[in-house]
Amino acid sequence: MISCNFSNCNIFCLKIVTFIKRLNKKVPLSKCYLHLRKISLSSGHMSVLEHVRASSITRTLNIIGDRWTLIILRDAFLGVTRFRDWQAKNNMARSILINRLNKLVEVGCFKKVLYQERPARHEYQLTEQGKRLYPIAILIWKWEETWYTRDADIPAKLIHKPCGHTLQPVMKCDVCDGEITLKNISYKDGPGAGQDCQVAPRHQRRSRISVKNKDEAMMMERAADIIGDRWSNLALSAAYLGIRRFDDIQSELKIATNILSNRLSHLVDSGLLQKVLYSDKPARYEYRLTDKGRDLFPVMLAMMTWGDDWLCEGRGVPFLIIHTTCGAESHPQVKCAQCSKELISSDVQFSFD
Ligand SMILES: [Zn+2]
Ligand SMILES: [Zn+2]
């Protein structure tokens, strides 16, 4: 008999019940709902969003969830390796650039290589771990290309060299090769569930970036504006988990009302959430995902997968991902929609036409 094995999280509990129902297996539903009730009445358990905070998304964001880091990585994927080129291209303060490059070396995304002896000059080359961030960058590129006016700096299209088609990156299941979306995914606790994630040093925590004119912002800046801020990110994660109402989000996130209001307003202004009245007296609102918000989900999933692959340090992944279409435990991969080959940077050619 299959029983609910989601000890802490009511949303996941509901999802697994739906998943098992689909498989037509014998399910002790009463146990799950009883469990759900017991959990929702207790206060000492991890909340849904505490799970998210402990997930690999947070670990990944502690490394790349910063505007300058995303911009440095974007340029690295476009071929930049030298300090002066990053500095010239982005008008970046020297101290910020040094700090971010050192951090990327420290976490294993870049290696520092001597290219000139007198005077000593180094360049920063992407390691395998760094190159594996490429699919995240491509998914962000696709999201920005879909939802914003294109910057002149940004390639008009990407060609996937192995098949010759215009690249359409999609998140696919490694077992059945079907697309993974918000609607056909479920989670269960993995061996590393609940373990504390690494917390970013204080100076690396970013407050929200203010991009005044989103149409003029550079590639990755719009996404960095959302994913580079931990509270916006958690509020969006809540929406992905189906938690929509202000009071529910607040009780999960345990943050001040004004901070939550600010981040939710920002997500509404950015077009990722829609504010909908669900009760008149008193006036109560819920925050529903828009198509644009839903479209950012593959980016979050790719960040989670990268964190699972590179940042779990032998403890095991916090969550196992179930692709409900095939029922298998899945390791999502970003692939070309045409030929289904997994995306690597050397296979992609930029076209500015
Ligand atoms: Zn599958
Ligand atoms: Zn292809």
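Kindly indicate whether Leu167 is closer than 17 Å to Trp310 by Cβ, in contact (Cβ under 8 Å) with a residue 40 or more places away in the chain and touching a strand residue (DSSP E or B) at 6+ places or on another chain (Cβ under 7 Å).
Taking the combined requirement at face value, the residue does not satisfy it.
Please determine, by comparing only the residues of the range 112-137 that are in contact with a helix residue (DSSP H, G or I) (Cβ under 8 Å, 6 or more places away or on another chain) and assigned to a helix (DSSP H, G or I), which one is nearest to Gln168 (Cα to Cα).
The qualifying residue nearest to Gln168 (Cα to Cα) is Pro135.
Suppose we filter Ala328, Ala337 for residues that are within 15 Å of ligand 1 (Cβ to nearest atom), at pLDDT 90 or above and among the aliphatic types (A, V, I, L, M); which single one remains?
Ala328
Does Lys131 count as closer than 23 Å to Phe350 by Cβ and among the charged types (D, E, K, R)?
yes
The values are calculated or read from the model by the stated rules, or taken from the named source; none is laboratory data. Everything numeric in this text was worked out from a predicted model, so none of it was measured. For neighbour counting, all protein chains shown are included, and Cβ atoms are generated from backbone atoms with ideal geometry for every residue, glycine included.
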